[in-house]
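As structure tokens, the structure follows; a few thoughts come after it.
What follows is calculated from the coordinates using simple rules that are stated; it is not laboratory data. The structure displayed is predicted, hence computed values, not measured ones. Methodologically, a virtual Cβ is constructed for each residue, glycine included, from the backbone with ideal geometry; neighbour enumeration extends over all protein chains shown.
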Amino acid sequence: MDTKGNSLDRTHAWIAALAAALAIVSLPAFATIYKCQGANGAPVYQDEPCPSGKELRDFDKDPPTVSVMPVTPPVGSTTRQTLPPVPSSAPKIKSGARVKAPQISGNPADRKFLAPGINEGEVLTRLGPPDLKSGGNGRKIARWTYLPVPEDRGTITTLTFEHGRLVEVERKVVR
């Protein structure tokens with residue numbers, strides 16, 4: 001019998017076992033959160049399934065819609081600024097007439113910092129309305145296109161939304 005070959009086989013087996021153990025240990029741990037009806041109907045959040053008939057929400061099946069908005073408004077927006085007073089010589093608006101709201105322009109330089117996961121409202125807050133829109137209005141997928149501007153020269157930015165969430169950012173340099 002070849003003891004050298006047998007020793008080599010044991011070394012390979014030991015390395016394979018060590019690699020498998022490390023792979024198992026490095027797997028991420030996932031926790032499910034359940035929203036259940038507690039005493040007096042008050043919601044209770046727990047990591048175990050709810051008793052029968054007490055489940056209010058399973059966050060794996062129905063994830064919450066969460067949006068994190070910037071604390072400070074984007075440059076150029078008027079969301080937190082006070083508007084100038086209306087001069088007394090301003091024309092009178094007829095009762096029932098529609099008044100168009102001022103457009104929030106956003107900051108085109110922020111186009112390069114978008115990441116999937118944010119919602120349409122946050123994109124509008126950061127960038128303003130798109131130059132071109134397709135899809136949406138009850139459809140599953142919508143695409144917004146922002147054309148080149150001096151702050152984002154020579155770049156067309158196309159954003160793909162799925163159910164109101166940004167899923168893809170495509171930036172094409174054009175000459």
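Couple of notes before you dig in:
- By the rule of a C-alpha distance below 12 Å, with chain neighbours fewer than 8 residues away ignored, the aspartates and glutamates paired with Lys140 are Glu162.
- Approximate spin-label separation Arg57-Asp131, in nm, with each point projected 7 Å along Cα-to-Cβ: 3.9
- Amide H contacts of Val149 (H built 1.01 Å from N, in plane; Pro and chain starts excluded): Gly154, Thr155 sit under 5 Å, all sequence-distant by 5 or more or on other chains.
- Under 18 Å from Lys172, Cα to Cα: aspartates and glutamates that are on another chain or at least 8 residues apart: Asp110, Asp131, Glu151, Asp152
- Spin-label model distance (nm) - Arg143 vs Ala42, 7 Å beyond Cα toward Cβ: 5.1
- For Thr158 and Lys172, the difference between the fully extended length at 0.36 nm per residue and the C-alpha to C-alpha distance is 4.2 nm.
- Karplus-based coupling profile of the stretch 145-159, in residue order and whole Hz: 10, 10, 7, x, 9, x, 6, 9, 4, x, 10, 9, 10, 10, 10, with θ = phi - 60° in 6.51 cos²θ - 1.76 cosθ + 1.60 and x standing for Gly or Pro.
- In order along the stretch 122-132, the phi-based Karplus estimate (6.51 cos²θ - 1.76 cosθ + 1.60, θ = phi - 60°) of 3J(HN,Hα) comes to 5, 5, 4, 5, 6, 10, x, x, x, 6, 9 Hz; Gly and Pro are listed as x.
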